[in-house]
Every structure is written in C-alpha cells, then in structure tokens.
1. Just for the range 1-33: of the residues that are over 20 Å from residue 77 (Cα atoms) and over 13 Å from the mean Cα position of the chain (by Cα), which one is surrounded by the fewest Cβ atoms within 10 Å (Cβ to Cβ)?
2. Could you grab me the full set of residues in the range 38-58 that are closer than 20 Å to residue 77 by Cβ and not in a helix (DSSP H, G or I)?
3. Do you know which residues across the range 1-20 are part of a loop (DSSP other than H, G, I, E, B) and acidic (Asp, Glu)?
4. Which residue, of 23, 71, 35, 77, is part of a helix (DSSP H, G or I), modelled with pLDDT of 90 or more and of a type in the set (A, V, I, L, M, F, W, C)?
5. How many of the residues in the range 37-50 are out of contact with any Cys (no Cβ under 9 Å at 6 or more places or on another chain) and open to solvent by 50 Å² or more (accessible area, probe 1.4 Å)?
Amino acid sequence: MQKPTGVWCVAKGDVSVKELRNLVQGACANRDYGLNCGNIAVGGPCYFKNNTKKQASYVLNLFYVKYNTYLAKYGTLTHKDP
C-alpha cells in the first residue's frame with residue numbers, strides 16, 4: 001500500500017517536550033527502524049535548534065512514509081504541508 005500524497009504526520013500539540021525528545025532519540029538510535037535522522041542532526045538541512053516539536057514531526061513523518069502508519073500517541077495526520 002502506498003502513502004497518500006499530500007498527507008504528513010506531525011507531532012501533536014499536547015505531547016510533552018520530554019516525551020517528544022525521547023521519541024526522537026529512541027527512533028533515531030534504533031537501527032531496526034531504519035530511519036535516516038541525519039537531516040535533523042546538528043548541521044543538517046532540517047536541524048531545528050531548540051524546537052523539539054519540529055524534530056519530532058520530522059521523525060514521525062519519516063516513520064509514516066517508511067511504514068505507512070503513524071504513532072497515534074505522538075502524532076496526527078494533516079493535509080497541510082508542515
């Protein structure tokens with residue numbers, strides 16, 4: 001099944017910064033997920049200094065694109081390009 005075009009997964013507004021930070025660190029460190037988090041690393045083109053929500057949205061969308069599912073506890077789907 002292919003991911004619908006024009007749909008993104010972004011971090012929910014009611015998830016704590018601590019939870020989002022743990023999500024980013026865990027998802028990027030777990031090689032089993034196969035997510036390339038290099039773009040949000042320091043110096044990367046999508047590095048968002050001090051903006052954990054944007055970093056988490058990037059990771060959640062990577063997961064969504066790769067697995068065609070999303071982590072509902074942390075993210076929500078949107079048709080608005082973040």
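The values are calculated or read from the model by the stated rules, or taken from the named source; none is laboratory data. Note that the structure is a prediction, hence the values are computed from the model and not measured. Note that we place each Cβ from the backbone using ideal geometry, even for glycine, and neighbour counts take in every protein chain shown. Side chains included, ligands, DNA and RNA excluded: accessible areas come from the protein's heavy atoms. Shrake-Rupley method; radii C 1.70, N 1.55, O 1.52, S 1.80 Å.
1. Among those that are over 20 Å from residue 77 (Cα atoms) and over 13 Å from the mean Cα position of the chain (by Cα), it is 32.
2. The one that is closer than 20 Å to residue 77 by Cβ and not in a helix (DSSP H, G or I): 46.
3. Matches in the range 1-20: 14 only.
4. Numbers: 71 fails: part of a helix (DSSP H, G or I); 35 fails: part of a helix (DSSP H, G or I); 77 fails: part of a helix (DSSP H, G or I).
After applying the criteria, what remains is 23.
5. Adding up the residues that qualify gives 7.
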